[in-house]
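> Pasting a structure below so you can have a look.
The values are calculated or read from the model by the stated rules, or taken from the named source; none is laboratory data. Since this is a predicted model, take the numbers as computed values, not measurements. Because the Cβ atoms are built from the backbone with ideal geometry, glycine has one as well, and the counts that use them run over all protein chains shown.
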Amino acid sequence: MWYIVIILLTITYLLINILLPSIHQLDSYRLTPLVWFIFAIIVLLIAQHQEINIIRYKKTRKWTLGSSPIHAGLLIGGFQIALLIIIGLFAGFGKNPYTVSITTLFFNIIFVTTFLLGTELSRTYLIKQTAYKRKNTTIALTLITLIYVLIRLQPSDLSLAGEGR
């Protein structure tokens, strides 16, 4: 059922980048987290139906940074944030063009978290469905990577690709 996740990912992309912005009565910025959250729940239900565990990782090798990929990601992310704060102290944080109120920061956290939840759960599902069952693991991982690179691109970026800005 991996193809259902690809179809749902495509529908999510089209909904967020084409349909929601074209309807002017809707606040697409506030509906985008809802769309990603629904997509993540559907992926979890599909994985649960197929008895594929996409939440917990089996330790396949000893990681040098932390005891799992999640710990390694948290360590690297914390290190990056610390470096950015140190650079901000020396170079000055500058003027921020974004609103920094508590409600805006909270909504931006929800916006980013739901996007990450939807993309990473579906990526994990696709990797577990394709990479471990096929002989061509490298091709499967490359195709999955390309799919997720493409969903990060806006349709306007795709239409201007040949013009050379």
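> Looking only at region 36-52, which residues are within 15 Å of the chain's Cα centre (by Cα) and free of Cβ contacts under 8 Å to residues at least 24 places away in the same chain?
Of everything in region 36-52, those that are within 15 Å of the chain's Cα centre (by Cα) and free of Cβ contacts under 8 Å to residues at least 24 places away in the same chain turn out to be ILE38, ILE41.
> Let me ask something additional. Would you mention how many residues in region 149-165 are part of a helix (DSSP H, G or I) and at pLDDT 85 or above?
Count: 2.
Okay, residues lined up against (1) surrounded by 13 or more Cβ atoms within 10 Å (Cβ to Cβ); (2) modelled with pLDDT of 90 or more; (3) within 22 Å of HIS49 (Cα to Cα):
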{"position": "PHE115", "(1), (2), (3)": "yes, yes, no"}
{"position": "LYS135", "(1), (2), (3)": "no, no, no"}
{"position": "ALA140", "(1), (2), (3)": "yes, no, no"}
{"position": "ILE147", "(1), (2), (3)": "yes, yes, no"}
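> Considering only region 89-105, I want to know if a residue exists there that is modelled with pLDDT under 85, under 16 Å from the mean Cα position of the chain (by Cα) and surrounded by 10 or more Cβ atoms within 10 Å (Cβ to Cβ).
No, there is no match, as no residue in region 89-105 is modelled with pLDDT under 85, under 16 Å from the mean Cα position of the chain (by Cα) and surrounded by 10 or more Cβ atoms within 10 Å (Cβ to Cβ).
> Now for a separate question. Looking at ILE18, ILE55, can you tell me which residue is exposed (fewer than 12 other Cβ atoms within 10 Å of the Cβ), at pLDDT below 90, outside any loop (DSSP other than H, G, I, E, B) and under 20 Å from the mean Cα position of the chain (by Cα)?
ILE18
> I'm checking my understanding of the structure. Among residues of region 117-133 that are of a type in the set (Ser, Thr, Tyr) and surrounded by 12 or more Cβ atoms within 10 Å (Cβ to Cβ), which one is modelled with the lowest pLDDT?
Taking the candidates together, the pick is THR130.
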